[in-house]
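Some notes on the structure that comes next.
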Amino acid sequence: MSGFQDVRDVMDISGPSESTPRAPPLKKQKTVEKRPDGITRELFALLGENPPPVAIVENKFKEKPKWMGKANPWEWKDFTNPARTDSLILRHWERKSKEPPDLEYRFSKFDVKVDIPTYSDGEYEILKDLDWSREETDYLFDLCREYDLRFIIIWDRYDFPNGKSRSVEDLKARYYSVCRSLMELRTPLNRMSPEETQIFNMLNFDKERETSRKKMANVLFARTPEQVKEEEMLLAELKRIVTNQQRTLEERKDLFNRLEMPSSQGSIAGYTGSQGLAALREFMVNSSDKNKKRKSIAMGANTGADGSQPSPAVASISEKASTAIAASQKEAIQPKKQARKLSGEEMKEYGVIYHDKLSQGIKFRSSMVATNVKGGTAQKVSQALAQLEIAQRLTMPTSKTIQKYEQLQSNVGILLDTKKLLEKVEQELRVLKAQQDAAKEDT
Amino acid sequence: MSHLHQTLSSNQAPSTVEYGGDEISAIVLDPGTAWTRAGFAGEDTPKSVIPSDYGVIDAVGDEPRKLFIGDNDVHAIRPGMEIRNPMSDGIVSDWDTAPLLWRAAITSRLTTTLAEHPLLMTEPSWNPPKNREKTIEIAFEDFDVPAFYLAKSGVCAGFASGKATGLVIDVGASNISITPIHDGLVLRKGCTRSPLGGSFLSDQIRAYFASAAIPLTAHYQVLSKNAVEAWKPADAVYKTFAPGQEPTDSYKRFQEERVLTEFKEYTAQVWTGPGPLPPSTGAHDAATSLLSTTGRPFEFPDGYNLVFNSERHRVAEGIFHPPSMLTNYAGHPDPSSTLGLNALIHASMKDVDIELKQLILNNVVITGAGSLVYGFTDRVNAEIAAAFPGPRVRVMAAGNSVERRYAGWLGGSILASLGAFHQLWISRKEYDEHGAGIVEKRCK
């Protein structure tokens, strides 16, 4: 803006500037106002709207601080600490104030003591323990008070004259058992408030468990570098497996989808020729491929190949094929006949199994367990199996186990049927006996 | 009654934003074997640090015994002045002089009115009850302080690093001590120490010089010197003394010690491992080729200078592996029965509750001027990590050498400037009531 004005001044053009509307000068004023000290107007104008790229140091004195009034005086003052039993007078600096000087020392609130119960001679009769003398119990409680229940420190300092050597757990067990008994003694269990009951339950110290826990912690602590390394490696492996699991699952699903082929019953004889293959291809493209885009491309390729005149190579192949079809139909049956019948031992060796009936698609063997028993017995059979703690679904369903399982099922079914029959017969027998007795009495 | 005042409930943690300091102008005194440190509580460095060694000219005829205390006095050459030290094994053994030293440390720079300032002193964890009682007696009877407290230097060093739980490895002049602390209290069963501190390292260096026929001169013996090539004999003019005017042997040794300290600071280095330093097998030993670091030169006060290679590692190895210490001098520790630093740590951790082991190993604090030897903390770190592979080990050592040297004092300074601490002081009234035995009850 100002640059424009400079040009005007230089050219000595004054008329039009007056005729300009009032707005521009106003704007100009604004920019001038924004302009910081230490930068010329011309330079500032070149900068335009952007702020200056470097900070401009203003040579100005710091503003005089505004005091709130008079400085607050401090004084070297005596104080006593209510947390002390003697009235030791120490001195510290304090803000001078008109407030009464008997304000409590503000750090006395940190004088926190743990509440350790005390017991009378009468009460001790109930708290007796063969392993602990009264003196030693007193000694323990004194230490608890002195060290605010830091049992590790208490154990560290524990030195009862002519006493046994005690573990941390021994000390804890004794302390908590005394506290628990005392609590129960003073307020019977049924009269305790919920909070008290909670505390009471918390006082239950399981020494055995704690000891074994510490033993295990010790074992963990004393691991050798090799063990530590092995554990680290296993953990890394676990992490890897967990992160890969999702991917593995997806891959597996994909694989299963791929394996779900169209029905493969009937002989493959029809597909040995090129025409047959073309038909199969068309069928597969149409039926199994669910991807529309891929399908359309495949179809396009297909039509391109089919629609045009068959190339000589294709033609010659088809010619050969057509003659071969008749022969192959014969041949296709021939090898089947030639297949060697395997003996039972060989079947076992090669793992060959013949199935009576197989429906199409892929199935898990475990889902193919035939239910030989029917109706109401089936439910009873499964109940009986559950009672015997035999899983409904086998964890390792090999053909052998499936066979055994089926056998078991049918055997159980037979047994149940027999049992039912037996009961029926017995019932009939009883009825008949009763009738007989009645007839005897009558006579 | 003490419980009439309002206190926090026992399950409420104190606020962390609250400022806990309340300075009452207490004096903190940390007497060590090499140095006696004193200063005002709340400050970050002791204002007054004087050598614990003092000069003494015994009474002759009418002349009374003369003491020379402090850096300005003790280094002056005086015929017949013996240098002595009131401490042995980190605790006071000469009760006549120790209080004089303490008083000098305080009055020379801090205040002359001891009766106006509460006094906090530090003590090693193995200080016997008799010594503690003696200390409180001196504080109240001799210094006439209004209040007194005796804090464990291990705990204080932990506080200086901001740790109330941890393992404090203090490498002092007279010994290395390991103090496990928990909640600001020493775990007595885990306290171990062995005499492999700074003086031991000096003795090792001295023994090495003797075995390698390297002449050791002190600064005071040299009047002027000319620069010479490495391994060339010194070209210096030595000071001569008229018969009867020579300084004593103890003075000579004391001054030589300063040269050895220079050597420790500048040339000696701890072998950082892994494992102990390979044994020496003659002039060109395996270690020399193994140590990829080049030698470091050292110049003696008389200008004699040479480069030290594997020897500068060898002199410090005895701290970690006592069997490899040099034994060609009288009064060396027994190489077979003395515990090295790693064995000390092991012995210390053995008696610590399993619950705490993890936490303590995660807070290992190294203090003491002896730990400033190059490579020391790295070696300790490696040794602990190898000894305890399971838990996470974290070794802390202040990078600032002032903080490392005065950690015990600094912790005491922090402690004595806390508002919540002021209820723990033993007051004069309590001392008058219960006698010196109160120190056992109150300073745990």
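Odds and ends about this structure:
- Of everything in region B:353-383 that is touching a residue at least 40 places away in the same chain (Cβ under 8 Å), away from chain A (no Cβ under 11 Å) and of a type in the set (Val, Ile, Thr), the residue that is surrounded by the fewest Cβ atoms within 10 Å (Cβ to Cβ) is B:Val373.
- Test set (1) touching a Lys or Arg at 6+ places or on another chain (Cβ under 6 Å); (2) under 25 Å from B:Cys443 (Cβ atoms) - A:Glu146 fails condition number: (1)
- Screening region B:347-444 for helices (runs of 4 or more DSSP H) wholly inside it with 2 or more residues that are in contact with a Ser or Thr (Cβ under 8 Å, 6 or more places away or on another chain) and over 30 Å from B:Glu265 (Cβ atoms) returns the ranges B:354-361.
- Checking A:Met299 against (1) modelled with pLDDT of 85 or more; (2) outside the structural domain of A:Ser177 (by TED's automatic domain parsing), the condition it does not meet: (1)
- B:Gln423 passes every criterion in (1) surrounded by fewer than 24 Cβ atoms within 10 Å (Cβ to Cβ); (2) more than 13 Å from chain A (Cβ to nearest Cβ); (3) out of contact with any strand residue (DSSP E or B) (no Cβ under 6 Å at 6 or more places or on another chain) apart from (2).
- Subset of region A:217-237 (residues that are of a type in the set (A, V, I, L, M) and more than 9 Å from chain B (Cβ to nearest Cβ)): A:Val219, A:Met233, A:Leu234, A:Leu235, A:Ala236
- The strands (runs of 3 or more DSSP E) located wholly in region B:1-104 that include 1 or more residues which are more than 23 Å from B:Arg404 (Cα to Cα) occupy B:54-57, B:66-68, B:82-84.
- Taking region B:92-132 as the range and being surrounded by fewer than 16 Cβ atoms within 10 Å (Cβ to Cβ) and in contact with a helix residue (DSSP H, G or I) (Cβ under 7 Å, 6 or more places away or on another chain) as the test, the residues that pass are B:Trp95, B:Pro129.
- Filtered residues of region A:124-148 (kept if within 10 Å of chain B (Cβ to nearest Cβ) and either in contact with a Gly (Cβ under 9 Å, 6 or more places away or on another chain) or outside any helix (DSSP H, G or I) (or both)): A:Tyr147, A:Asp148
- Qualifying residue in region A:88-104 (condition: in contact with a strand residue (DSSP E or B) (Cβ under 6 Å, 6 or more places away or on another chain), hydrophobic (A, V, I, L, M, F, W, C), within 14 Å of another protein chain (Cβ to nearest Cβ) and in a loop (DSSP other than H, G, I, E, B)): yes
- Single condition B:Asp71 does not satisfy, out of (1) within 14 Å of B:Arg109 (Cβ to Cβ); (2) without any contact (Cβ under 8 Å) to a residue 40 or more places away in the chain; (3) within 14 Å of chain A (Cβ to nearest Cβ): (3)
- Condition met for A:Lys109 (assigned to a loop (DSSP other than H, G, I, E, B) and charged (D, E, K, R)): no
- In region A:372-400, the residues that are surrounded by 16 or more Cβ atoms within 10 Å (Cβ to Cβ) and free of Cβ contacts under 8 Å to residues at least 12 places away in the same chain: A:Ser382
- Given (1) in contact with a Ser or Thr (Cβ under 6 Å, 6 or more places away or on another chain); (2) more than 22 Å from B:Asp96 (Cα to Cα); (3) more than 10 Å from every other protein chain (Cβ to nearest Cβ); (4) acidic (Asp, Glu), number of the condition B:Asp44 does not satisfy: (1)
The values are calculated or read from the model by the stated rules, or taken from the named source; none is laboratory data. What you are looking at is a predicted structure, and each value in this text was computed from that prediction instead of being measured. Note that each Cβ is placed from the backbone with ideal geometry, even for glycine, and that neighbours are counted across all protein chains shown.
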